[in-house]
Amino acid sequence: MRLTDDQAMSPLIDADAAAALLEPLTRCVERAGAAILAVDRTDMRVAGKVDGSPVTEADLAADRVLAEGLAQLLPEIPAVSEERLDRAKPPHRGSFLLLDPLDGTREFVAGRSEFTVNLALVTGGAPLLGIIAAPALGSIWRGVVGRGAERLSMSHRPAETRSVKAAPIHTRPFPPAGQPWTAAVSRSHGDPRTSAFIDARPGAIRRTLGSAIKFTGVAEGTIDIYPRLAPTHEWDVAAGHAIVTAAGGRVTDAFGNDLQFGMATNDFIIPAFIAWGDPSLAR
């Protein structure tokens with residue numbers, strides 16, 4: 001792995017180093033997914049955060065697994081987790097890890113399968129590597145920008161999960177005028193601006209999904225656009241951003257500009273984003 005130190009910044013990880021880290025980071029994410037599946041959803045503690053969102057013992061178990069694994073694998077790289085935000089020390093102008101140990105907690109609590117473990121490696125404010133695991137669905141999506149993206153099936157074993165059967169994925173061109181197109185919409189976080197964006201483009205077929213799985217649909221070419229024109233957090237977006245970009249798409253703000261991660265000028269909030277399968281539309 002080649003790391004370069006940039007004065008006071010944390011080490012910078014380039015695409016070559018990120019590609020070398022993809023397998024061991026995937027193992028960390030798989031173990032976190034196994035920790036979630038080990039929690040009995042019918043008999044678990046559910047608490048509320050300050051912002052009103054739920055947190056469960058599964059969120060915390062996954063976070064512990066990620067924290068332990070990443071401390072061994074990349075002790076020199078800062079890790080920002082949704083569950084340990086009090087320890088974050090922005091800005092992160094070098095490379096850092098951005099984690100959502102259990103994205104889609106509401107889906108998890110409701111007994112659905114659309115919850116994920118999200119891990120992103122961010123360098124210079126842009127996601128370079130992304131991994132999204134959906135342990136209940138048996139799938140992992142991952143990619144390194146400039147090196148492509150892929151989907152893996154997961155084979156569950158009693159003490160661990162192992163990924164098998166990797167297949168490349170790619171975004172698709174936007175359908176010609178007059179033909180239907182597919183938009184991903186959130187099951188739990190609808191908002192008027194997003195609805196208006198979709199309504200302004202005739203022919204939309206809405207696919208309602210939970211968690212970061214909406215990004216993976218864009219990356220593998222089953223969804224054309226995933227807009228969210230309401231505030232969300234960087235850890236909800238970063239892994240999907242990297243995978244969509246690695247698969248040939250683009251993720252922008254509401255005006256077609258690049259997003260920035262790790263500066264934390266506004267509590268790690270992203271005001272709005274649009275994930276485009278066809279990057280030529282992102283203007």
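The values are calculated or read from the model by the stated rules, or taken from the named source; none is laboratory data. Worth saying up front: this structure is predicted, and the values here are computed from it rather than measured. Positions of Cβ are generated from backbone atoms using ideal geometry, with glycine treated the same way; all protein chains shown enter the neighbour counts.
Against the conditions (1) in the same structural domain as residue 240 (by TED's automatic domain parsing); (2) within 20 Å of the chain's Cα centre (by Cα); (3) at pLDDT 95 or above, residue 187 satisfies every one except (3).
Screening residue 174 on (1) at pLDDT 95 or above; (2) not in a loop (DSSP other than H, G, I, E, B) shows it passes everything except condition (2). Checking each residue in region 95-137 for being surrounded by 24 or more Cβ atoms within 10 Å (Cβ to Cβ) and part of a loop (DSSP other than H, G, I, E, B) picks out 104, 115, 135.
Would you call residue 86 under 16 Å from the mean Cα position of the chain (by Cα), in a helix (DSSP H, G or I) and not assigned by TED's automatic domain parsing to the domain that holds residue 245? Against the criterion (under 16 Å from the mean Cα position of the chain (by Cα), in a helix (DSSP H, G or I) and not assigned by TED's automatic domain parsing to the domain that holds residue 245), residue 86 does not qualify. Determine whether region 16-29 contains at least one residue that is farther than 19 Å from residue 243 by Cβ and buried (at least 19 other Cβ atoms within 10 Å of the Cβ). No, because not a single residue in region 16-29 is farther than 19 Å from residue 243 by Cβ and buried (at least 19 other Cβ atoms within 10 Å of the Cβ). Checked against the criteria, residue 133 does not count as touching a helix residue (DSSP H, G or I) at 6+ places or on another chain (Cβ under 7 Å), assigned by TED's automatic domain parsing to the domain that holds residue 247, touching a residue at least 24 places away in the same chain (Cβ under 8 Å) and not polar (S, T, N, Q). In region 204-226, the residue that is nearest to residue 186 (Cα to Cα) out of those that are aliphatic (A, V, I, L, M) and in a helix (DSSP H, G or I) is 213.
Per this entry, residue 261 is counted among residues that are in contact (Cβ under 8 Å) with a residue 24 or more places away in the chain and in a loop (DSSP other than H, G, I, E, B).
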